[in-house]
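Structure first, then comments.
Read the figures in this text as sums done on the coordinates, not as results from a lab. Keep in mind it's a predicted model, so treat the numbers as computed, not measured. With ideal geometry, Cβ positions are generated from the backbone for all residues, glycine too; neighbour counts draw on all protein chains shown.
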Amino acid sequence: MNKNLIKFFQGELSAADTDKLLDAIEKDKTLKEEFINMQNIYALSKLASSSVDNEEGKKGLKLFYTKANKIKNRNIVIRMFQYAAIITILITSTFFFTKFYYDLKESSENNILYVPAGQRAKISLQDGTTVWLNAKSTLKYPAKFSRHNRKVEVIGEAYFDVAKDKKKPFIVSSQAIEIKVLGTQFNINSYPESGFIATDLIEGSLMVYDKNFKHEFITLKPNQQATYKSGKMYLSSTKHKDYFLWRDGIYAFENERLNDILEKLQLYYDIKINIVDAKLVDTRYTGKFRQRDGIDEILRIIQKIQPFNIKKDMENNIITLSKQ
Amino acid sequence: MNRDNNDIVKFEKIYIAYYSKFKRFAKEYVIREEDTENIVQDLFLELWENKYFLIPQQNLFSFLFTSLKNKCIDYIRHINTANKVTEQIQADYVRLLKIKFDALEILNEENISQLDVEKVIQDALNQLPDRCRQIFILNKIEKKKQSEIAKELNISINTVESQMAVAYKKLRVLLKDLTLLSLFF
């Protein structure tokens, strides 16, 4: 194993052998100590000066200022770094106590939160409702709700934990439908590109309807799903609850075809994935991934179950999968 | 934030001097380029916001280095807690992270805060025989593969391997104050 240890630190140990090496290390305390020793000595020695330091430093500085400026240019105070991809925004609204302003149907200030591909966001609304937004999603919400109801608009995917308020229904508007609840937890999947809108109720009760046919509403019970497609509303059971873990940055797939998984990944990461061999499409996978892992890592893991080749076109942001 | 020019000049000097080194170091533990970049940029953002660049030069490196080490530790810990849910996925990446985490914890914080870490490391490398040092730097700092080095210096791969072994043996002794491990092996 010693030889493999050295090879590992040379960066010349194969993935399969690395796996075996890790197995050995986990069992052999002596080997582990040797690894740790090598790890630290090599890492420390990398702190020695190099001729490239100056140039790399200048490049890094440019990136630094880009990031720092992005932070400065926000209206709200946000601290967003990709390895902590949860954005929590606390909105403190100023309360207008005069009835005159309180009666405005559409609040004077509408905020729009857009979450780009590869990110997630979590936000608290004025009434205490918490909303999680998935990648490529937009939430439009007022800083202060109106007197009669609480209305927001969403595109993409969002998970709502609505604060109970019997006097003020919470209404979510998305494309052609609206959802009305009093105090509830539900998930809505409404990406325009997908051609359907799926609403799943986790807790509480929920009414969903086509905006043009408000009287034809469906009432959901927990673990039920309403799917709106081509003008029709269908009722079914929620397929697998782990799916909603997305709000914690975990994407769970249960016996899903590679094709469907890839469609989601394309949405979440804003990247095009082509499959060259039709046979790959139907293989089913069950697994969980962290959003933070990134597309490369996820594909690599899926690849372990049924191998395929991965080709990346970095310039055009396209990944192509083909049979080995 | 309004900063005067002096501050900016001081800050940029430190940034350029340490950015690349810190990245090389952090990547050894955190593995991924993107994560490394984020951690290091985070470090410098703190440096900027808290005006740490006003710390006297002789203590600054150690201070930043300790902060960097802790950021790496926090990051790996963070990944490991999140990972408890994803049991079905292999974890060569995560297993590696766990061991590197253990390695991080063994770095000698007390000595690191008191020694001129940069100097200790530079001196150690300078004590290697010339050829040995050259090969070591080509491999570890300029990230060249053994075959490339052999070709470039017109020597056999065996020579490269044995010189790397020599380098490691010597450095283990020369850098012993920076870690808490025994030299038993």
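Computed over the range B:1-105, the P(r) curve from all C-alpha pair distances, binned at 5 Å from the origin, holds 2, 11, 22, 20, 15, 11, 8, 5, 3, 1, 0 percent per bin.
Could you work out the mean projected area of the convex hull around the alpha carbons of chain B, in square nanometres to one decimal?
Average of the hull's projected areas for chain B equals 13.5 nm².
Of A:GLN291, A:GLN224, A:GLN306, the residue with the greatest mean-square motion in the GNM of chain A, using alpha carbon springs below 10 Å, is A:GLN306.
In the protein assembly as shown the Cα-Cα distances spread across 10 Å bins starting at 0 as 3, 16, 22, 22, 18, 11, 6, 2, 0 percent of all pairs.
Taking label positions 7 Å along the Cα-Cβ direction at both B:GLU142 and A:ASN309, the computed distance is 3.3 nm, reported to one decimal.
Please identify which residues in the range B:132-170 have an amide N closer than 20 Å to a label point set 7 Å out from the Cα of A:SER51, following the Cα→Cβ vector. Counting only backbone N, you get B:132-155. From the Kirkwood radius over Cα pairs of the range A:243-311, Stokes-Einstein at 10 °C and 1.306 mPa s returns a whole-number translational diffusion coefficient of 129 µm²/s. Shielding by partners for peptide A:187-200, expressed as the average number of C-beta atoms from other protein chains within 10 Å of each residue's C-beta, is 0. For the range B:163-180, list residues with backbone N below 18 Å from a point placed 7 Å from the Cα of A:LYS3 toward its Cβ? Those under the cut-off are B:163-166. Here the 3J(HN,Hα) profile of the range A:263-270, calculated from phi with Karplus coefficients 6.51, -1.76 and 1.60 at θ = phi - 60°, is 4, 5, 4, 5, 5, 6, 10, 6 Hz, Gly and Pro shown as x.
Note that the range A:161-272 carries a Kirkwood radius of 14.9 Å, evaluated over its alpha carbons pair by pair. Residues in the range A:283-324, backbone N under 11 Å from the label point at A:VAL276 (7 Å along the Cα-to-beta-carbon vector): list them, ranges by number please. In the range A:283-324, the label zone of A:VAL276 (backbone N under 11 Å from the point 7 Å along Cα→Cβ) covers A:309-312, A:320-324. About the centre of its Cα atoms, the range A:2-45 shows a dipole size close to 80 debye [charges on the beta carbon of Lys, Arg (+1) and Asp, Glu (-1) only; nearest 20 debye]. Of all DSSP bridge pairs formed entirely within the range A:107-247, close to 95 percent run antiparallel. A straight chain from B:HIS78 to B:ILE55 at 0.36 nm per residue would run longer than the Cα-Cα distance by 5.3 nm.
Computed from the C-beta positions of A:THR219 and B:GLN134 and an R0 of 56 Å, the FRET efficiency is 0.15 to the nearest 0.05.
In terms of packing, defined here as the mean over residues of other Cβ atoms within 10 angstrom, the peptides B:17-24, A:174-181 line up highest first as B:17-24, A:174-181.
DSSP beta bridges fully contained in the range A:224-324 are about 80 percent antiparallel.
The mean number of Cβ atoms from other chains found within 10 Å of a Cβ in peptide B:111-121 is 1, as a whole number.
Mean residue ellipticity at 222 nm, helices only, chain A: -8000 deg cm²/dmol; runs of at least 4 DSSP H residues each add -39,500 (n - 2.57), and the sum is divided by the number of residues.
How crowded by other chains is B:137-147, given as the mean number of beta carbons from other chains within 10 Å of each beta carbon?
4
Relative contact order for chain A: 9 percent, from Cα pairs under 8 Å spaced at least 6 residues apart, divided by residue count.
Classification of the range A:2-45 by its C-alpha gyration tensor yields an oblate form. The axis ratio a/c (a ≥ b ≥ c) is 1.5 or more, and b/c is at least a/b. The B:ILE106 and A:ARG300 beta-carbon pair, evaluated with R₀ = 41 Å, returns a calculated FRET efficiency of approximately 0.85. Here the label points at B:LEU45 and A:GLU203, each 7 Å from Cα along the C-beta direction, are separated by 3.2 nm in the simple model. Restricting the calculation to Cα atoms, every distinct pair contributes to the Kirkwood radius of the range B:115-185, found to be 12.9 Å. The helix-only estimate of mean residue ellipticity at 222 nm for chain B, built from DSSP H runs of length n ≥ 4 each weighted as -39500 (n - 2.57), is -23000 deg cm²/dmol after division by the residue total.
If the chain between B:LEU180 and B:ASN154 were fully stretched, how many nm would it gain, using 0.36 nm times the residue separation less the Cα-Cα distance?
Taking 0.36 nm per residue and subtracting the Cα distance, the gain is 5.5 nm.
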